[in-house]
Each structure stands twice: as structure tokens, then as C-alpha cells.
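A short worksheet on the structure shown next.
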Amino acid sequence: MEKGHNLSKSDVIGQIPLACSNELAAVEFLEKQRWGYTPCCVRCGSVAVYQMKDAKTGQRSSRYLWRCRDCKEQYTVRIGTVYEESRIELRHWCYAFWRASTSKKGVSALEIKRHCQISYKSALFLMNRIRFAMAPDPDSPQLKGTVELVEVYIGPRKPRYKGVSGPGRSTLKTPVFCAVERGGHLRRRVVADVTAATLREAIREDVDSRARLMTDEYSAYRWLKKGWTGTHETVCHRTFEYARGDVHVNTAESSHALVKRGIIGIYHNVSREYLHRYLWQFDFLWNNRQMNDGERTVMAIQGAEGKRLMYRPSVN
Ligand SMILES: [Zn+2]
């Protein structure tokens, strides 16, 4: 069953501001996105469930508990999501999900801290979990059709030495490999280096072997001329050739421009260790760019389900 299957997503954007200011509205919003109109038990899947009420007031219990008639389990909408172990109010989660899904250049933890009046530590925790909710599905299909490949560098420091040109110039920065399917999705990954061996491994994992590849003339792509089933075409940036007919890597370059603006303008400095998390967020925004803001927020919220158990702070 598709999540939220019988909900109209187009009017979601109108409900989000209320969910960001009222805890009950936030809980109900998240419940609706998770279960649609048929709430079910998180343990056994039974739909024989009911909301627990406060005996005195008759309102929903203060922890917004549900109970299953079949397995007697008590649970909340938090169970089995990235916000399960958090005590932060769900309205703040809604706000952070909304901002993270709709700000093209990202949103900083400091800003969430100020807007939600929570501690910086909480805001950082929240943003990290949200980025994890946005992480790509490891089983998503390979890129196909026309695929542009570029390697880019992210980092605050400018090269300190002169006389070295080309990719070697940027060794102080973190290299990121980016593959973009024209009219489709993209994939970015932090790589140890930009040698042919590293890029080959990345390309074989991310791109369908029959794809038509476009790159610049960087030497680490030379093996593609013979070692690739599909075709491989290049533009020569050295001679200021940026496009030849439909041969170019401008889609990849422009997708990366947003990451650069985000790092410079919002995050200022992202360490190599955590860069991949920020890329999850930028990739998510790019890959779902055709959706409206409400649909994209729901997409991120639904990505939060089933991720908690996989989360290992030391690895991710
Ligand atoms: Zn149950």
C-alpha cells in the first residue's frame, strides 16, 4: 500500500503552517502522512487500533498514544521513524522538515534554533536526522539515457601553491563525483580522490552500462573510450568549448552551483566527514525539484519512516 495513498498532496502546503505551531496539529499531520485514513499498528499491522483518551478531559492523551486491540501494543507516530528517540516537539520537526525540503540552498541549524526556540544541539540533531531521512534509497535504479559526469571540489580553502593546474590544484578541498541523468535524477558522492580507478568504481555503481556519457577531457575518463558499452563524448573546456550540439556537462555543473551557493551562503564550512549528509539533502532537493513544496515536504517526512534502526551516529 502506498503511503498516504488516498490523500490529496496538493493541499498539504496549506496545512503545514498550522502543524508547525500547534503540537496536536503536528501529530495529526504526521499521522495522516504516515497512515493515510487507515491508521495501523506499528508492531503487527492490525487496523484495529484506537486513540487513547485522557480520562478526565476526554481529549487525546498527553503523549498522543495509540493502542492496538490485537497485540495490546501502545505506540505513537514517532515509533520507527528518525524522530523516535527525540524529545523535541513534533511541531518543530514539522517546521524543520518544511524548511529543509523547501529552501533551495538549505537551512542552517542556527536558524532552526532561533525560529523554534530550541537549543543548538537539538537543532543540529534534528537537521542531521532530517538529512538522513532524505538519504537516497540504496536500491534506487542506475542512471540511464544521457548521463553527464563531473568531478567537483568542495571546501573553504583556496590552493596555497602556484604553478599547478587542473584537478590536482584542488587537493585541499574535498572531491565530489556527480552523475546527472538528463531530465532525471542525479547522484553525488564524496570520493577519496579523482583517479580513474575511483571514478570507474563510482560510474559502474551509479550508471547503467548502456548510457551515453558526457564528460570533459579530464584524463581519468579516458578509459571510457574503450571500456564502456555505451557511447562517451567529451567537451574540451581547455579550449573554452562548453557545448557542442547536445554534448555538454552544463546540467551537472548547474546542479552543483546550488550546492556551492548553499555551502558558501548557509553552511559556511562543512567538514569532509559530514559532507555526504549535506549532499543527501541537496540531492533530495534536486531529484524532487518538479514537485511543489508541500509534496516535497511530505516526501521527506515519509522518508523518515523505517530509518531509525539503520542510524548509527558513528557511521552516518
Ligand atoms: Zn498490534
- Message: List the residue pairs whose Cβ atoms are under 6 Å apart, where the first residue sits in segment 50-72 and is open to solvent by less than 40 Å² (accessible area, probe 1.4 Å), the second is of a type in the set (Val, Ile, Thr) and within 11 Å of the ligand (Cβ to nearest atom), and the two are 6 or more positions apart or on different chains.
- Response: Trp66/Val49; Cys68/Val49
- Message: Looking at Val298, Val207 in this structure, which one is buried (at least 18 other Cβ atoms within 10 Å of the Cβ), β-branched (Val, Ile, Thr) and within 16 Å of the chain's Cα centre (by Cα)?
- Response: Val298
- Note on the structure: The correct count of residues that are more than 19 Å from the chain's Cα centre (by Cα), polar (S, T, N, Q) and more than 16 Å from the ligand (Cβ to nearest atom) in segment 60-112 is 3
- Among the residues of segment 47-59, count how many are hydroxyl-bearing (Ser, Thr, Tyr) and more than 16 Å from the ligand (Cβ to nearest atom). 1
- Query: Do you know which residues across segment 232-249 are surrounded by 11 or more Cβ atoms within 10 Å (Cβ to Cβ), touching a residue at least 60 places away in the same chain (Cβ under 8 Å) and not in a strand (DSSP E or B)?
  - Reply: Val249
- Query: Would it be correct to say that Ile263 is hydrophobic (A, V, I, L, M, F, W, C), surrounded by 18 or more Cβ atoms within 10 Å (Cβ to Cβ), closer than 22 Å to Ala109 by Cβ and at pLDDT below 90?
  - Reply: yes
- Item | Condition check for Cys44: within 16 Å of the ligand (Cβ to nearest atom), assigned to a loop (DSSP other than H, G, I, E, B), over 22 Å from the mean Cα position of the chain (by Cα) and surrounded by 17 or more Cβ atoms within 10 Å (Cβ to Cβ) | no
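The values are calculated or read from the model by the stated rules, or taken from the named source; none is laboratory data. Since the structure is predicted, the reported quantities are computational estimates derived from the model, not experimental observations. When we count neighbours, we look across all protein chains shown, and the Cβ atoms used for this are built from the backbone with ideal geometry, even at glycine. Areas reflect the complete protein model, heavy atoms only, side chains present, ligands, DNA and RNA absent. Shrake-Rupley method; radii C 1.70, N 1.55, O 1.52, S 1.80 Å.
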